[in-house]
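Here the structure comes first, spelled out in structure tokens, and everything after it is commentary.
The values are calculated or read from the model by the stated rules, or taken from the named source; none is laboratory data. Please read all numbers here as calculations on a predicted model, not as lab measurements. Positions of Cβ are generated from backbone atoms using ideal geometry, with glycine treated the same way; all protein chains shown enter the neighbour counts.
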Amino acid sequence: MPQIEMSAPLPVLDGTGRPVNFGWARSSLFVYNASLFRGLTQRILASDRYIVFSPTHLIILEILDGGYLGYAGISIVSLKDKKRSTQIFQTLIPLGSLGLPDSGEGGSVKFQCKKRANIEFIPMAAGIRLIKVDVPKFGHHSYMRGALVLSPPAHAESLVTNMPWRAEKNAFVLSHRSPWYIAEGVMQFGTAELIFTKGNAWGILDWNRGSRPRSDVRYWASACGMSGIRQVGFSVGYGSADGSAGTENAFFVDGRLHKLDQVTFHISPANWLDPWRFTGNDNRLEMTFDPHQERVERHRFAFHSMNRRQICGAFSGKVILDDGKELEFRNITGIAERRKTRF
């Protein structure tokens with residue numbers, strides 16, 4: 001089945017609350033309204049995640065509403081000495097109360113946990129994103145506090161996909177990925193200053209909405225950096241959802257999208273820190289991944305669980321762009337992960 005690119009706005013849910021209009025787009029053409037969903041509200045999933053990194057540190061910030069279980073999480077990974085620290089703030093049975101917006105291009109998100117945490121994701125003019133963090137007690141450090149500004153390149157495009165599940169007619173996932181932000185700002189982490197400077201620091205948006213199935217396994221990888229004078233990035237993945245109308249795979253050059261078909265992850269079952277390979281079924285992508293370190297994340301409440309195995313590292317390879325030209329890239333920073341959920 002050929003991939004279907006959308007060129008005009010279309011609803012994600014029809015008049016009966018069933019998911020429709022599967023495919024992909026270069027911007028937020030899929031119009032989503034969570035209140036139209038007619039299934040179990042406990043199965044509605046919403047998450048906003050940013051991955052921001054410099055030559056020395058990688059920060060993952062996420063706010064998630066998983067129906068029965070919600071949380072805000074911050075992870076700081078040192079790319080020099082392989083140290084990492086994570087702080088999770090859980091909230092039980094949020095059921096939409098976290099106020100995550102229905103569009104990947106608009107709507108502020110603010111997570112407050114009494115006096116323990118204040119995390120904000122704020123969209124601004126011209127596609128700029130502002131991230132503000134104030135955590136008075138972060139792990140063994142005294143606090144984490146600061147702000148990051150993420151700016152898009154000119155005329156940037158995103159990969160937006162709407163995919164169903166093969167066996168569950170009410171389950172779907174709407175994703176919005178933008179692996180091309182230019183990051184600036186400072187995070188105070190205890191006595192250390194984590195400095196992100198323009199041209200030397202990057203950011204990735206991973207935005208997801210939908211109704212989850214009873215179980216799911218999903219692989220995803222993304223990175224951003226420079227190849228000579230050109231900014232490059234990618235988002236590739238696959239899982240239990242049906243991506244035949246529009247896969248989660250694309251490469252970006254200076255913010256412009258080059259669509260890929262299927263991409264396969266080749267992972268050593270004996271050791272996930274061995275080098276990985278990524279290949280495309282249309283012979284347009286050949287990529288290796290040199291893992292740096294691994295972090296494991298587990299969340300559980302009653303019969304809902306989420307386990308995520310996440311690897312930080314560097315990607316190298318070559319890709320055939322939409323115009324037929326070949327682009328090589330080396331050692332751009334990013335993450336690869338496997339996430340397993342059960343409802």
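Cβ contacts < 8 Å: first residue under 17 Å from residue 51 (Cα atoms) and at pLDDT 95 or above, restricted to segment 142-158; second residue polar (S, T, N, Q) and in a loop (DSSP other than H, G, I, E, B), any location; separation 6+ or different chain. Result?
158/27; 158/28
Are there any pairs, at least 6 apart or on different chains, whose C-beta atoms fall under 6 Å, with the first in segment 2-31 and within 15 Å of residue 173 (Cα to Cα) and the second among the aromatic types (Phe, Trp, Tyr), and if so, which?
Sorted first by the residue in segment 2-31, then by its partner, the pairs are 12/30; 12/32; 17/37; 19/172.
Could you look through segment 194-205, keep only residues that are surrounded by fewer than 23 Cβ atoms within 10 Å (Cβ to Cβ) and of a type outside the set (A, V, I, L, M), and pick out the one that is nearest to residue 146 (Cα to Cα)?
197
Residues checked against (1) over 27 Å from residue 150 (Cβ atoms); (2) more than 18 Å from the chain's Cα centre (by Cα):
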site	(1), (2)
216	yes, no
227	no, yes
233	no, no
237	no, no
245	yes, yes
254	no, yes
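Could you run through segment 158-193 and say how many residues are among the polar types (S, T, N, Q) and either at positive phi or buried (at least 24 other Cβ atoms within 10 Å of the Cβ) (or both)?
5
Look through segment 76-98, keep the residues that are of a type in the set (A, V, I, L, M) and under 14 Å from residue 119 (Cβ atoms), and return whichever of them is surrounded by the most Cβ atoms within 10 Å (Cβ to Cβ).
Filtering first and then ranking leaves 76.
So if I check each of 73, 17, which one is over 20 Å from the mean Cα position of the chain (by Cα) and either closer than 25 Å to residue 130 by Cβ or surrounded by fewer than 20 Cβ atoms within 10 Å (Cβ to Cβ) (or both)?
Being over 20 Å from the mean Cα position of the chain (by Cα) and either closer than 25 Å to residue 130 by Cβ or surrounded by fewer than 20 Cβ atoms within 10 Å (Cβ to Cβ) (or both) holds for just one of 73, 17, which is 17.
Step by step: first the residues of segment 4-14, then only those that are touching a strand residue (DSSP E or B) at 6+ places or on another chain (Cβ under 6 Å) and in a loop (DSSP other than H, G, I, E, B), then the one that is surrounded by the fewest Cβ atoms within 10 Å (Cβ to Cβ). Which residue is that?
If we take residues in segment 4-14 being touching a strand residue (DSSP E or B) at 6+ places or on another chain (Cβ under 6 Å) and in a loop (DSSP other than H, G, I, E, B), then 9 is surrounded by the fewest Cβ atoms within 10 Å (Cβ to Cβ).
Hey, does segment 168-187 have a residue that's part of a loop (DSSP other than H, G, I, E, B), modelled with pLDDT of 95 or more and not aliphatic (A, V, I, L, M)?
There is no residue in segment 168-187 that is part of a loop (DSSP other than H, G, I, E, B), modelled with pLDDT of 95 or more and not aliphatic (A, V, I, L, M).
Please work out which residue is nearest to residue 272 (Cα to Cα), limiting yourself to segment 283-313 and to residues that are among the aliphatic types (A, V, I, L, M) and free of Cβ contacts under 8 Å to residues at least 60 places away in the same chain.
By that ranking, first place goes to 311.
Given the condition more than 23 Å from residue 143 (Cα to Cα), within 20 Å of the chain's Cα centre (by Cα) and not acidic (Asp, Glu), answer yes or no: does some residue in segment 184-199 qualify?
Among the residues of segment 184-199, not one is more than 23 Å from residue 143 (Cα to Cα), within 20 Å of the chain's Cα centre (by Cα) and not acidic (Asp, Glu), which makes the answer no.
Taking segment 27-70 on its own, how many of its residues are crowded, with 16+ Cβ neighbours inside 10 Å and part of a strand (DSSP E or B)?
Looking only at that region, the number is 22.
With the requirement that a residue be in contact with a Ser or Thr (Cβ under 7 Å, 6 or more places away or on another chain) and either of a type in the set (Phe, Trp, Tyr) or under 11 Å from residue 162 (Cβ atoms) (or both), what does segment 1-27 give you?
Residue satisfying the conditions is 24 alone.
Determine the pairs where a residue that is free of Cβ contacts under 8 Å to residues at least 60 places away in the same chain, located within segment 159-174, has a partner that is buried (at least 24 other Cβ atoms within 10 Å of the Cβ) and of a type in the set (Ser, Thr, Tyr) with Cβ atoms under 9 Å apart, the partner being 6 or more residues away or on another chain.
Note: pairs meeting the criteria are 168/211.
Take segment 296-328 and flag every residue that is assigned to a strand (DSSP E or B), of a type in the set (Asp, Glu) and loosely packed, with under 15 Cβ neighbours inside 10 Å.
326, 328
For segment 94-112, does any single residue satisfy the condition of being free of Cβ contacts under 8 Å to residues at least 60 places away in the same chain and either closer than 27 Å to residue 273 by Cβ or in contact with a Cys (Cβ under 9 Å, 6 or more places away or on another chain) (or both)?
no
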